[in-house]
Amino acid sequence: MRKKSILLATAAALAAFGSQAKDYVLTDYNVSTDSTIVQTAAIQAVIDLAEAEGGGTVVVPKGTFLSGALFFKPGTKLHLVEGAEIKGSDDIANFPLIPSRMEGRSIYYYAALINAYHVDNFEITGPGVINGNGLKYWQQFWDLRAERKKEGRSCTNLEVHRPRLVFLWGCDKLKLSGVNLRNSPFWTTHLYQCDNVLIENCRIEAPREPVRAPSSDALDLDMCRNVTIRGCYLNCDDDGVCIKGGKGVYANRSMESGIVENILVEDCVFGPNLHGVLTMGSECVHANNILLQNCRLEAKCALLRLKMRPDTYQIYENITVKNVTGTCATVIDMKPWKQFFDLENSGEEPSAIVRNILMENIDVECKTFGTIAGNPADKVSNFVLRDIKAQAQDPTFTCVYPEVVLENVTLNGKKLTNPAK
(Lines give C-alpha, C1' and ligand atoms only; values in the text may rest on other atoms or scores of the structure.)
Protein backbone atom coordinates (compact mmCIF):
# COMPACT_ATOMS: atom_id res chain seq x y z
CA MET A 1 0.00 0.00 0.00
CA ARG A 2 2.86 2.36 0.89
CA LYS A 3 4.55 1.60 -2.45
CA LYS A 4 1.34 2.45 -4.29
CA SER A 5 1.05 5.76 -2.40
CA ILE A 6 4.61 6.68 -3.30
CA LEU A 7 3.94 5.94 -6.99
CA LEU A 8 0.77 8.04 -6.94
CA ALA A 9 2.56 10.90 -5.23
CA THR A 10 5.40 10.73 -7.75
CA ALA A 11 2.96 10.76 -10.67
CA ALA A 12 1.16 13.75 -9.18
CA ALA A 13 4.43 15.59 -8.71
CA LEU A 14 5.45 14.94 -12.31
CA ALA A 15 2.07 16.11 -13.57
CA ALA A 16 2.35 19.27 -11.50
CA PHE A 17 5.86 19.88 -12.81
CA GLY A 18 4.68 19.50 -16.40
CA SER A 19 1.80 21.91 -15.84
CA GLN A 20 4.24 24.58 -14.62
CA ALA A 21 6.17 24.67 -17.89
CA LYS A 22 5.57 28.18 -19.22
CA ASP A 23 5.41 29.93 -22.55
CA TYR A 24 8.16 32.34 -23.49
CA VAL A 25 6.70 34.70 -26.09
CA LEU A 26 9.56 36.38 -27.94
CA THR A 27 8.08 39.88 -27.86
CA ASP A 28 7.76 39.68 -24.06
CA TYR A 29 11.55 39.53 -23.85
CA ASN A 30 12.63 42.52 -25.94
CA VAL A 31 12.76 40.68 -29.26
CA SER A 32 11.82 43.22 -31.91
CA THR A 33 9.25 42.75 -34.65
CA ASP A 34 11.54 44.65 -37.06
CA SER A 35 12.10 42.02 -39.75
CA THR A 36 15.22 43.76 -41.08
CA ILE A 37 17.29 43.23 -37.92
CA VAL A 38 19.16 39.95 -37.34
CA GLN A 39 18.06 38.95 -33.84
CA THR A 40 19.94 35.72 -33.22
CA ALA A 41 21.32 36.76 -29.84
CA ALA A 42 17.99 38.08 -28.55
CA ILE A 43 16.09 34.95 -29.55
CA GLN A 44 18.82 32.68 -28.21
CA ALA A 45 18.63 34.52 -24.88
CA VAL A 46 14.94 33.55 -24.60
CA ILE A 47 15.77 29.91 -25.33
CA ASP A 48 18.54 29.96 -22.71
CA LEU A 49 16.21 31.56 -20.16
CA ALA A 50 13.58 28.89 -20.75
CA GLU A 51 16.18 26.19 -20.08
CA ALA A 52 17.51 27.95 -16.98
CA GLU A 53 14.02 28.23 -15.50
CA GLY A 54 13.29 24.53 -15.89
CA GLY A 55 12.02 24.36 -19.45
CA GLY A 56 9.17 25.74 -21.50
CA THR A 57 7.90 26.61 -24.96
CA VAL A 58 9.48 29.41 -26.95
CA VAL A 59 6.55 31.01 -28.76
CA VAL A 60 7.03 32.98 -31.96
CA PRO A 61 4.17 35.50 -32.24
CA LYS A 62 2.79 37.02 -35.44
CA GLY A 63 5.51 38.76 -37.40
CA THR A 64 8.81 38.01 -39.14
CA PHE A 65 11.92 37.43 -37.01
CA LEU A 66 15.24 37.41 -38.89
CA SER A 67 17.84 35.11 -37.34
CA GLY A 68 20.96 33.08 -37.72
CA ALA A 69 21.53 29.70 -36.08
CA LEU A 70 19.40 28.98 -32.99
CA PHE A 71 20.17 26.19 -30.53
CA PHE A 72 17.36 24.67 -28.50
CA LYS A 73 18.26 23.26 -25.09
CA PRO A 74 16.94 20.45 -22.86
CA GLY A 75 13.41 21.14 -21.72
CA THR A 76 12.65 23.68 -24.46
CA LYS A 77 10.21 23.51 -27.36
CA LEU A 78 9.32 25.77 -30.29
CA HIS A 79 5.83 26.93 -31.28
CA LEU A 80 4.97 29.27 -34.15
CA VAL A 81 1.51 30.83 -34.15
CA GLU A 82 -0.49 31.68 -37.27
CA GLY A 83 1.32 34.48 -39.09
CA ALA A 84 4.62 33.87 -37.31
CA GLU A 85 7.84 33.43 -39.28
CA ILE A 86 11.43 32.71 -38.37
CA LYS A 87 13.40 33.85 -41.40
CA GLY A 88 16.96 32.71 -41.90
CA SER A 89 19.74 35.19 -42.57
CA ASP A 90 21.28 34.97 -46.05
CA ASP A 91 24.73 35.73 -44.58
CA ILE A 92 26.60 32.51 -43.79
CA ALA A 93 28.53 34.38 -41.08
CA ASN A 94 25.42 33.97 -38.92
CA PHE A 95 25.80 30.18 -38.98
CA PRO A 96 28.90 28.93 -37.09
CA LEU A 97 30.98 25.92 -38.06
CA ILE A 98 30.35 23.20 -35.47
CA PRO A 99 30.54 19.38 -35.15
CA SER A 100 27.84 18.10 -37.47
CA ARG A 101 26.90 15.46 -40.01
CA MET A 102 26.71 15.88 -43.77
CA GLU A 103 26.53 13.51 -46.73
CA GLY A 104 27.06 10.40 -44.63
CA ARG A 105 30.10 11.67 -42.74
CA SER A 106 30.65 13.33 -39.35
CA ILE A 107 32.36 16.63 -40.10
CA TYR A 108 32.46 20.25 -39.05
CA TYR A 109 29.72 22.05 -40.95
CA TYR A 110 27.57 25.14 -40.68
CA ALA A 111 24.83 25.06 -38.07
CA ALA A 112 21.28 24.94 -39.33
CA LEU A 113 18.74 27.68 -38.69
CA ILE A 114 17.03 25.47 -36.07
CA ASN A 115 19.30 23.10 -34.12
CA ALA A 116 18.81 20.70 -31.23
CA TYR A 117 21.56 18.37 -30.02
CA HIS A 118 20.42 15.63 -27.64
CA VAL A 119 17.19 17.36 -26.64
CA ASP A 120 14.67 14.63 -25.85
CA ASN A 121 10.96 15.46 -26.16
CA PHE A 122 11.77 18.41 -28.43
CA GLU A 123 8.84 19.74 -30.46
CA ILE A 124 8.32 22.16 -33.33
CA THR A 125 4.61 22.94 -33.59
CA GLY A 126 2.11 25.45 -34.84
CA PRO A 127 0.89 26.80 -38.19
CA GLY A 128 3.69 29.36 -38.56
CA VAL A 129 6.63 29.31 -40.96
CA ILE A 130 10.34 28.55 -40.72
CA ASN A 131 11.72 30.19 -43.86
CA GLY A 132 15.28 29.47 -44.93
CA ASN A 133 15.44 32.50 -47.23
CA GLY A 134 17.59 30.42 -49.56
CA LEU A 135 17.57 32.45 -52.79
CA LYS A 136 21.05 33.97 -52.39
CA TYR A 137 22.59 30.59 -51.51
CA TRP A 138 20.88 28.85 -54.43
CA GLN A 139 22.14 31.45 -56.88
CA GLN A 140 25.68 31.13 -55.50
CA PHE A 141 25.51 27.38 -56.08
CA TRP A 142 24.38 27.64 -59.69
CA ASP A 143 26.87 30.43 -60.43
CA LEU A 144 29.76 28.33 -59.11
CA ARG A 145 28.52 25.27 -60.98
CA ALA A 146 28.39 27.23 -64.25
CA GLU A 147 31.89 28.59 -63.62
CA ARG A 148 33.28 25.13 -62.90
CA LYS A 149 31.58 23.70 -65.99
CA LYS A 150 33.43 26.22 -68.15
CA GLU A 151 36.66 25.00 -66.53
CA GLY A 152 35.74 21.36 -67.14
CA ARG A 153 35.41 20.69 -63.41
CA SER A 154 32.56 19.55 -61.18
CA CYS A 155 31.00 21.37 -58.25
CA THR A 156 30.05 19.50 -55.07
CA ASN A 157 27.29 20.35 -52.64
CA LEU A 158 29.69 21.36 -49.89
CA GLU A 159 31.64 23.90 -51.92
CA VAL A 160 28.96 26.57 -51.60
CA HIS A 161 28.61 27.36 -47.91
CA ARG A 162 24.93 27.12 -47.04
CA PRO A 163 23.02 26.03 -43.95
CA ARG A 164 20.25 23.50 -43.57
CA LEU A 165 16.88 24.60 -42.24
CA VAL A 166 16.48 22.08 -39.38
CA PHE A 167 19.14 19.75 -37.93
CA LEU A 168 18.24 17.54 -34.96
CA TRP A 169 20.90 15.20 -33.55
CA GLY A 170 20.17 12.52 -30.98
CA CYS A 171 16.70 13.81 -30.11
CA ASP A 172 14.42 11.02 -28.90
CA LYS A 173 10.64 11.38 -28.60
CA LEU A 174 10.70 14.11 -31.22
CA LYS A 175 7.64 15.81 -32.73
CA LEU A 176 7.13 18.14 -35.70
CA SER A 177 3.47 19.03 -36.11
CA GLY A 178 1.60 21.42 -38.35
CA VAL A 179 4.56 23.61 -39.18
CA ASN A 180 5.53 25.07 -42.56
CA LEU A 181 9.17 24.54 -43.55
CA ARG A 182 10.22 26.29 -46.73
CA ASN A 183 13.00 27.72 -48.87
CA SER A 184 15.89 25.90 -47.22
CA PRO A 185 19.34 26.83 -48.56
CA PHE A 186 20.35 23.13 -48.35
CA TRP A 187 18.66 20.03 -46.89
CA THR A 188 15.40 21.04 -45.22
CA THR A 189 14.93 18.62 -42.34
CA HIS A 190 17.89 16.45 -41.31
CA LEU A 191 17.45 14.03 -38.41
CA TYR A 192 20.52 12.14 -37.18
CA GLN A 193 20.46 9.37 -34.55
CA CYS A 194 16.90 10.18 -33.51
CA ASP A 195 14.49 7.58 -32.11
CA ASN A 196 10.71 7.68 -31.71
CA VAL A 197 9.80 10.52 -34.07
CA LEU A 198 6.43 11.87 -35.23
CA ILE A 199 6.25 14.24 -38.20
CA GLU A 200 2.63 15.10 -38.95
CA ASN A 201 0.62 17.58 -41.01
CA CYS A 202 3.66 19.58 -42.11
CA ARG A 203 4.25 21.39 -45.41
CA ILE A 204 7.86 21.13 -46.54
CA GLU A 205 8.59 23.05 -49.73
CA ALA A 206 11.34 24.53 -51.89
CA PRO A 207 10.95 25.92 -55.42
CA ARG A 208 12.19 25.19 -58.89
CA GLU A 209 11.43 28.72 -60.12
CA PRO A 210 12.67 31.39 -60.51
CA VAL A 211 15.82 29.69 -59.14
CA ARG A 212 16.01 25.99 -58.30
CA ALA A 213 16.69 25.11 -54.67
CA PRO A 214 19.47 22.50 -55.11
CA SER A 215 19.62 19.55 -52.72
CA SER A 216 16.77 20.87 -50.58
CA ASP A 217 15.64 17.36 -49.52
CA ALA A 218 12.38 17.48 -47.59
CA LEU A 219 13.17 14.79 -44.99
CA ASP A 220 16.55 13.12 -44.47
CA LEU A 221 16.48 10.24 -41.98
CA ASP A 222 20.06 9.48 -41.03
CA MET A 223 20.66 6.54 -38.65
CA CYS A 224 17.13 6.99 -37.21
CA ARG A 225 14.62 4.50 -35.80
CA ASN A 226 10.87 4.37 -35.23
CA VAL A 227 9.76 7.33 -37.34
CA THR A 228 6.19 8.09 -38.42
CA ILE A 229 5.59 10.64 -41.20
CA ARG A 230 1.89 11.27 -41.63
CA GLY A 231 -0.37 13.72 -43.47
CA CYS A 232 2.47 15.85 -44.88
CA TYR A 233 2.91 17.70 -48.17
CA LEU A 234 6.46 17.32 -49.49
CA ASN A 235 7.67 19.30 -52.50
CA CYS A 236 11.37 20.20 -52.50
CA ASP A 237 13.93 20.21 -55.30
CA ASP A 238 15.42 16.82 -54.40
CA ASP A 239 14.25 13.76 -52.45
CA GLY A 240 10.99 13.60 -50.53
CA VAL A 241 11.74 11.00 -47.86
CA CYS A 242 15.41 10.04 -48.08
CA ILE A 243 16.85 7.13 -46.10
CA LYS A 244 20.49 7.82 -45.22
CA GLY A 245 22.94 6.36 -42.68
CA GLY A 246 26.44 6.57 -44.13
CA LYS A 247 28.59 5.91 -47.18
CA GLY A 248 31.99 4.56 -48.06
CA VAL A 249 33.88 1.30 -47.82
CA TYR A 250 34.06 1.40 -44.02
CA ALA A 251 30.59 2.79 -43.26
CA ASN A 252 29.11 -0.61 -42.42
CA ARG A 253 31.60 -0.99 -39.54
CA SER A 254 31.64 2.61 -38.34
CA MET A 255 30.03 3.74 -35.07
CA GLU A 256 28.96 7.01 -36.67
CA SER A 257 26.97 5.27 -39.41
CA GLY A 258 24.37 2.54 -39.38
CA ILE A 259 20.83 1.34 -39.81
CA VAL A 260 17.65 3.26 -40.49
CA GLU A 261 14.66 1.15 -39.52
CA ASN A 262 10.98 1.07 -38.66
CA ILE A 263 9.88 3.98 -40.84
CA LEU A 264 6.20 4.59 -41.66
CA VAL A 265 5.15 7.12 -44.31
CA GLU A 266 1.41 7.40 -44.83
CA ASP A 267 -1.34 9.69 -46.07
CA CYS A 268 1.17 12.10 -47.63
CA VAL A 269 1.16 14.06 -50.90
CA PHE A 270 4.36 14.31 -52.95
CA GLY A 271 4.73 17.31 -55.26
CA PRO A 272 6.24 17.97 -58.70
CA ASN A 273 9.62 19.40 -57.64
CA LEU A 274 10.91 16.15 -56.15
CA HIS A 275 13.70 13.94 -57.56
CA GLY A 276 12.48 10.88 -55.65
CA VAL A 277 9.42 10.09 -53.53
CA LEU A 278 11.04 7.41 -51.33
CA THR A 279 14.79 7.13 -51.82
CA MET A 280 17.41 4.81 -50.35
CA GLY A 281 20.74 6.63 -50.62
CA SER A 282 22.94 8.15 -51.87
CA GLU A 283 24.28 7.66 -48.36
CA CYS A 284 22.64 4.51 -47.05
CA VAL A 285 24.24 1.50 -45.41
CA HIS A 286 21.25 -0.44 -44.10
CA ALA A 287 17.53 0.29 -44.55
CA ASN A 288 15.11 -2.07 -42.83
CA ASN A 289 11.36 -2.16 -42.37
CA ILE A 290 10.34 0.86 -44.42
CA LEU A 291 6.62 1.24 -45.28
CA LEU A 292 5.07 3.88 -47.52
CA GLN A 293 1.31 3.59 -47.92
CA ASN A 294 -1.88 5.44 -48.82
CA CYS A 295 -0.11 8.31 -50.56
CA ARG A 296 -0.90 10.50 -53.56
CA LEU A 297 1.67 11.50 -56.16
CA GLU A 298 1.77 14.76 -58.09
CA ALA A 299 5.37 13.99 -58.92
CA LYS A 300 7.73 13.92 -61.89
CA CYS A 301 10.22 11.51 -60.34
CA ALA A 302 10.57 7.89 -59.24
CA LEU A 303 8.14 6.46 -56.72
CA LEU A 304 10.78 4.11 -55.25
CA ARG A 305 14.44 4.90 -55.86
CA LEU A 306 17.24 2.57 -54.81
CA LYS A 307 20.71 4.04 -55.27
CA MET A 308 23.27 1.25 -55.46
CA ARG A 309 26.73 2.47 -54.45
CA PRO A 310 29.58 0.24 -55.64
CA ASP A 311 31.86 1.72 -52.94
CA THR A 312 29.53 0.95 -49.98
CA TYR A 313 28.27 -2.29 -48.45
CA GLN A 314 24.49 -1.89 -48.50
CA ILE A 315 21.46 -3.82 -47.29
CA TYR A 316 17.98 -2.76 -48.42
CA GLU A 317 15.40 -5.07 -46.87
CA ASN A 318 11.75 -5.30 -45.89
CA ILE A 319 10.67 -2.28 -47.92
CA THR A 320 6.99 -1.98 -48.87
CA VAL A 321 5.25 0.61 -51.06
CA LYS A 322 1.49 0.16 -51.41
CA ASN A 323 -1.81 1.90 -52.04
CA VAL A 324 -0.41 4.74 -54.15
CA THR A 325 -2.14 6.77 -56.88
CA GLY A 326 -1.30 9.75 -59.07
CA THR A 327 1.50 10.72 -61.44
CA CYS A 328 5.24 10.05 -61.42
CA ALA A 329 8.17 9.64 -63.79
CA THR A 330 8.82 5.97 -62.98
CA VAL A 331 7.41 3.35 -60.65
CA ILE A 332 10.81 1.90 -59.75
CA ASP A 333 14.31 3.28 -60.30
CA MET A 334 17.09 0.97 -59.11
CA LYS A 335 20.48 1.76 -60.64
CA PRO A 336 24.17 2.01 -59.81
CA TRP A 337 25.02 5.31 -58.16
CA LYS A 338 28.64 6.35 -58.73
CA GLN A 339 28.64 9.98 -57.66
CA PHE A 340 31.88 10.67 -55.73
CA PHE A 341 32.87 7.01 -56.06
CA ASP A 342 35.84 6.26 -53.78
CA LEU A 343 37.19 2.89 -52.62
CA GLU A 344 39.66 4.74 -50.36
CA ASN A 345 42.56 2.54 -51.51
CA SER A 346 40.99 -0.32 -49.56
CA GLY A 347 41.28 -3.06 -52.16
CA GLU A 348 37.71 -4.06 -51.24
CA GLU A 349 34.82 -4.62 -53.64
CA PRO A 350 31.61 -3.76 -51.76
CA SER A 351 28.30 -5.23 -52.86
CA ALA A 352 24.66 -4.92 -51.85
CA ILE A 353 21.85 -7.17 -50.66
CA VAL A 354 18.33 -6.24 -51.75
CA ARG A 355 15.61 -8.47 -50.34
CA ASN A 356 11.97 -8.55 -49.32
CA ILE A 357 10.84 -5.64 -51.50
CA LEU A 358 7.12 -5.34 -52.20
CA MET A 359 5.28 -2.81 -54.36
CA GLU A 360 1.55 -3.40 -54.61
CA ASN A 361 -1.81 -1.79 -55.31
CA ILE A 362 -0.36 1.09 -57.32
CA ASP A 363 -2.27 3.00 -60.00
CA VAL A 364 -0.23 5.73 -61.72
CA GLU A 365 0.44 7.62 -64.90
CA CYS A 366 4.15 7.80 -65.64
CA LYS A 367 6.78 8.48 -68.29
CA THR A 368 8.19 4.96 -68.17
CA PHE A 369 7.76 1.99 -65.88
CA GLY A 370 11.37 2.00 -64.74
CA THR A 371 14.55 0.03 -64.20
CA ILE A 372 15.69 -2.68 -61.78
CA ALA A 373 19.47 -3.04 -62.18
CA GLY A 374 22.27 -2.87 -59.63
CA ASN A 375 25.99 -3.48 -59.67
CA PRO A 376 27.32 -6.86 -60.91
CA ALA A 377 27.88 -8.42 -57.46
CA ASP A 378 24.61 -7.21 -55.90
CA LYS A 379 22.19 -9.92 -54.73
CA VAL A 380 18.41 -9.61 -55.15
CA SER A 381 15.77 -11.88 -53.63
CA ASN A 382 12.04 -11.79 -52.90
CA PHE A 383 11.44 -8.65 -54.97
CA VAL A 384 7.73 -8.56 -55.86
CA LEU A 385 5.60 -6.16 -57.92
CA ARG A 386 1.90 -6.95 -57.47
CA ASP A 387 -1.41 -5.44 -58.58
CA ILE A 388 0.12 -2.47 -60.36
CA LYS A 389 -1.53 -0.53 -63.16
CA ALA A 390 0.61 1.99 -65.02
CA GLN A 391 -0.10 4.15 -68.04
CA ALA A 392 3.25 5.16 -69.50
CA GLN A 393 4.37 7.46 -72.31
CA ASP A 394 7.23 5.03 -72.98
CA PRO A 395 6.49 1.33 -72.30
CA THR A 396 10.17 0.47 -71.71
CA PHE A 397 10.91 -1.66 -68.64
CA THR A 398 14.44 -2.83 -67.82
CA CYS A 399 15.07 -5.60 -65.30
CA VAL A 400 18.28 -7.63 -65.11
CA TYR A 401 17.19 -9.90 -62.26
CA PRO A 402 15.10 -12.99 -63.10
CA GLU A 403 14.34 -13.24 -59.37
CA VAL A 404 11.98 -10.24 -59.61
CA VAL A 405 8.36 -11.43 -59.62
CA LEU A 406 5.55 -9.58 -61.40
CA GLU A 407 1.98 -10.48 -60.38
CA ASN A 408 -0.95 -8.81 -62.10
CA VAL A 409 1.13 -5.88 -63.38
CA THR A 410 -0.26 -4.08 -66.42
CA LEU A 411 1.47 -1.42 -68.50
CA ASN A 412 -0.69 0.52 -70.94
CA GLY A 413 -3.39 -2.15 -70.54
CA LYS A 414 -1.09 -5.09 -71.32
CA LYS A 415 0.34 -7.63 -68.90
CA LEU A 416 3.92 -6.80 -68.04
CA THR A 417 6.49 -9.57 -67.77
CA ASN A 418 10.03 -9.63 -66.47
CA PRO A 419 12.38 -9.16 -69.46
CA ALA A 420 15.20 -10.92 -67.56
CA LYS A 421 13.34 -14.25 -67.64
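The values are calculated or read from the model by the stated rules, or taken from the named source; none is laboratory data. Treat the numbers as computed from the prediction; the structure is a model and nothing was measured. All Cβ positions, even for glycine, are placed from backbone atoms using ideal geometry, and neighbour counts span all protein chains on display. The accessibility values were calculated without ligands, DNA or RNA, using every heavy atom of the protein model including side chains. Shrake-Rupley method; radii C 1.70, N 1.55, O 1.52, S 1.80 Å.
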**Asked** To the nearest 500 deg cm²/dmol, what mean residue ellipticity at 222 nm is calculated for the chain from DSSP H runs of n ≥ 4 alone, each contributing -39,500 (n - 2.57), summed and divided by the residues?
**Response** -4000 deg cm²/dmol
**Request:** Could you work out the per residue convex hull volume over the alpha carbons of region 151-219, in cubic angstrom?
**Result:** 96
**Message:** Can you give me the solvent accessible area of ILE98 with a 1.4 Å probe, rounded to the nearest 10 Å²?
**Reply:** 30
**Request:** Assign unit charges at the C-beta atoms only (+1 for Lys and Arg, -1 for Asp and Glu), then state the dipole size of the chain relative to its Cα centre in Debye, rounded to the nearest 20.
**Result:** 580
**Asked** Hey, what do the phi angles of region 241-256 turn into as Karplus ³J(HN,Hα) couplings, whole Hz, using 6.51/-1.76/1.60 and θ = phi - 60°, x for Gly and Pro?
**Response** 10, 10, 8, 10, x, x, 8, x, 4, 9, 5, 6, 10, 9, 5, 8
**Message:** If I model region 311-421 as equal point scatterers sitting on the Cα atoms and use the Debye formula, what is log10 I(q)/I(0) at q = 0.11, 0.12, 0.19 Å⁻¹?
**Reply:** -0.38, -0.45, -0.98
**Request:** Report Rg(Cα)/(2.2 N^0.38 Å) for the chain, keeping two decimals.
**Result:** 1.04
**Complete:** Using eta = 1.306 mPa s and T = 10 °C, Stokes-Einstein with Kirkwood Rh from Cα pairs puts D for region 167-310, in µm² s⁻¹, at 107
**Message:** Rounding to the nearest 10 and keeping the result within 0 to 90°, find how far the Cα-based axis of helix 2-20 lies from the longest principal axis of the chain.
**Reply:** 80
**Request:** For region 49-182, just the Cα atoms, rotate onto the principal axes and tell me the three extents in Å, largest first.
**Result:** 55, 32, 24
**Prompt:** Just the accessible area per residue of the chain, please: how many Å² with a 1.4 Å probe?
**Reply:** 42
**Positive-end residue of LEU80, ALA251, THR125, charge dipole of the chain with Cβ unit charges** = ALA251
**Prompt:** What residue among VAL38, ILE290, GLN193 has its Cα farthest toward the positive end of the dipole of the chain, where the charges are +1 on Lys, Arg and -1 on Asp, Glu, each on the Cβ?
**Reply:** ILE290
**Message:** How large is the convex hull of the C-alpha atoms of region 240-326 per residue, in Å³?
**Reply:** 80
**Item:** Surface share of carbon and sulfur [accessible, 1.4 angstrom probe, percent] for region 346-392
**Value:** 43
**Item:** For region 312-327 versus region 111-161, the gap between their alpha-carbon centres in whole angstrom
**Value:** 27
**Loop sites in region 267-356: GluC sites (Glu not before Pro), DSSP, at most 10 other Cβ within 10 Å** = GLU344
**Message:** How large is the translational diffusion coefficient of region 88-128 in µm² per second when you combine the Kirkwood radius over alpha carbon pairs with Stokes-Einstein at 25 °C and 0.890 mPa s?
**Reply:** 201
**Fill in**
Taking Lys and Arg as +1 and Asp and Glu as -1, residues besides GLU266 with C-beta under 14 Å from its C-beta add up to +1
**Solvent-accessible surface (1.4 angstrom probe) belonging to ASP34, in square angstrom, nearest 10** = 60
